[in-house]
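This is the structure, below, for whatever I ask next.
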Amino acid sequence: GIYRQLIGSIAAVLEFPLQRDSAALRTPLGFLLPLGLGIVAAYWLVSRLLIGPAESPGILLQPGSAVLCYGLFTGLVAASLREPWRRIPAPGQEHLLLAGVAAVATFIVLGLPFATRTPENWMLPVGGALALTAMLLPGISGSLVLVMLGQYAMIAGAVHDLKPLPLLWFGSGGLIAALVVVPRLQRQLTERPGRMLALLTGVMAGSLRALWPWKASYDVRGGNLSPLGVGENWPE
């Protein structure tokens, strides 16, 4: 229930260099700072639990426990689909069509082949821009985008090993995405809330492809995370 407040608060912070109204920053910063602290702490702790060091793979890398994690994530997202949809004023056929198109498009994009080679530094801003854009859309994981680009291991390693250079490259792309994407999201949520929420519902539904529990591989550091095909053996 805080999605609009999140987008509005980020937009207010980005407008500060133009407005230069310090008083207008109090409310958005009072919302974003504790939220950001929780996000950073959760990422640090949970990524170690899910991924772990190389000598001790986390539960998301082990087929026996990974299938349970993805099953949990699938259930959480599936149950959350009603939240954006129920906020649409008088949903109709147009909203169903928009949600369907968004779901199909997301489903297709998440089926693209995964990158496996080590990315160059100049590619990290692209990853940062795409990952932040994904994180601002409900249901799409920024981490999943990094996996598709082959950047997940590099960024997670830079965070835990305190390597600032890759994070600076990555953050520069995220900043550009914030400046471009957030104002447009804010405008669409204000001017066309029903259509935007329908699209977001579809995006969330389509993202279930990436969360489907039974996969050909559970190596998020560059493996093939696509669902098992017909006739393939499920992990025990």
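The values are calculated or read from the model by the stated rules, or taken from the named source; none is laboratory data. Not measured: the values here are computed from a predicted model. Methodologically, a virtual Cβ is constructed for each residue, glycine included, from the backbone with ideal geometry; neighbour enumeration extends over all protein chains shown. Please note that ligands, DNA and RNA were not included when accessible areas were found on the heavy atoms of the full protein model with its side chains. Shrake-Rupley method; radii C 1.70, N 1.55, O 1.52, S 1.80 Å.
Does at least one position in segment 35-55 carry a residue that is in contact with an Asp or Glu (Cβ under 7 Å, 6 or more places away or on another chain) and under 19 Å from ALA210 (Cβ atoms)? Step through it out loud before you land on a result.
Here is the first cut: in segment 35-55, the ones in contact with an Asp or Glu (Cβ under 7 Å, 6 or more places away or on another chain) are none.
No; the residues of segment 35-55 include none that is in contact with an Asp or Glu (Cβ under 7 Å, 6 or more places away or on another chain) and under 19 Å from ALA210 (Cβ atoms).
If we scan segment 178-193, do we find a residue that is open to solvent by 30 Å² or more (accessible area, probe 1.4 Å) and either at positive phi or under 16 Å from the mean Cα position of the chain (by Cα) (or both)?
Yes, there is a match, as at least one residue in segment 178-193 is open to solvent by 30 Å² or more (accessible area, probe 1.4 Å) and either at positive phi or under 16 Å from the mean Cα position of the chain (by Cα) (or both).
For segment 50-65, enumerate the residues that are exposed (fewer than 11 other Cβ atoms within 10 Å of the Cβ) and more than 17 Å from ALA158 (Cβ to Cβ).
GLU55, SER56, GLY64 - these are the residues of segment 50-65 that are exposed (fewer than 11 other Cβ atoms within 10 Å of the Cβ) and more than 17 Å from ALA158 (Cβ to Cβ).
I would also like to ask the following. Go through segment 75-96 residue by residue and tally those that are assigned to a helix (DSSP H, G or I) and small (Gly, Ala, Ser).
Residues that pass the stated criteria total 4.
Just give me the residues in segment 16-59 being free of Cβ contacts under 8 Å to residues at least 12 places away in the same chain and either among the aromatic types (Phe, Trp, Tyr) or within 30 Å of ILE88 (Cβ to Cβ) (or both), in sequence order.
Matches in segment 16-59: PHE16, GLY30, PRO34, GLY36, GLY38, ILE39, ALA42.
State all residues of segment 65-95 that are in contact (Cβ under 8 Å) with a residue 24 or more places away in the chain and among the aliphatic types (A, V, I, L, M); if no residue qualifies, say none.
Residues satisfying the conditions are ALA66, VAL67, LEU68, VAL77, ALA78, LEU81, ILE88, ALA90.
In segment 149-165, what residues are under 13 Å from VAL126 (Cα atoms) and open to solvent by 30 Å² or more (accessible area, probe 1.4 Å)?
LEU149
Separate question: Determine, yes or no, whether ALA99 is open to solvent by less than 50 Å² (accessible area, probe 1.4 Å), touching a Ser or Thr at 6+ places or on another chain (Cβ under 7 Å), modelled with pLDDT under 85 and assigned to a helix (DSSP H, G or I).
Spelling it out, it is not the case that ALA99 is open to solvent by less than 50 Å² (accessible area, probe 1.4 Å), touching a Ser or Thr at 6+ places or on another chain (Cβ under 7 Å), modelled with pLDDT under 85 and assigned to a helix (DSSP H, G or I).
For segment 183-217, give me the residue count where each residue is among the aliphatic types (A, V, I, L, M) and modelled with pLDDT under 85. Show your work before the answer.
Taking segment 183-217 first, the residues among the aliphatic types (A, V, I, L, M) are 185, 189, 196-200, 203-205, 208, 210-211, 216.
Within this subset, residues satisfying the condition of being modelled with pLDDT under 85 are 185, 189, 210-211, 216.
Number of matching residues: 5.
Let me ask something additional. Could you check, for segment 113-122, whether at least one of its residues is open to solvent by 60 Å² or more (accessible area, probe 1.4 Å) and either touching a His at 6+ places or on another chain (Cβ under 7 Å) or closer than 15 Å to TRP212 by Cβ (or both)?
No: zero hits.
Still on this model: Suppose we filter GLY223, GLY229, GLY139 for residues that are at pLDDT below 80, in a loop (DSSP other than H, G, I, E, B) and under 30 Å from ALA11 (Cα atoms); which single one remains? It would help to see each step written out before you state the result.
Working: GLY223 fails: under 30 Å from ALA11 (Cα atoms); GLY229 fails: under 30 Å from ALA11 (Cα atoms).
GLY139 is the lone residue from the list that is at pLDDT below 80, in a loop (DSSP other than H, G, I, E, B) and under 30 Å from ALA11 (Cα atoms).
Something else about it: Of the conditions (1) open to solvent by 50 Å² or more (accessible area, probe 1.4 Å); (2) under 22 Å from LEU208 (Cα atoms), LEU81 satisfies every one except a single condition; which number is it?
Condition not satisfied by LEU81: (1).
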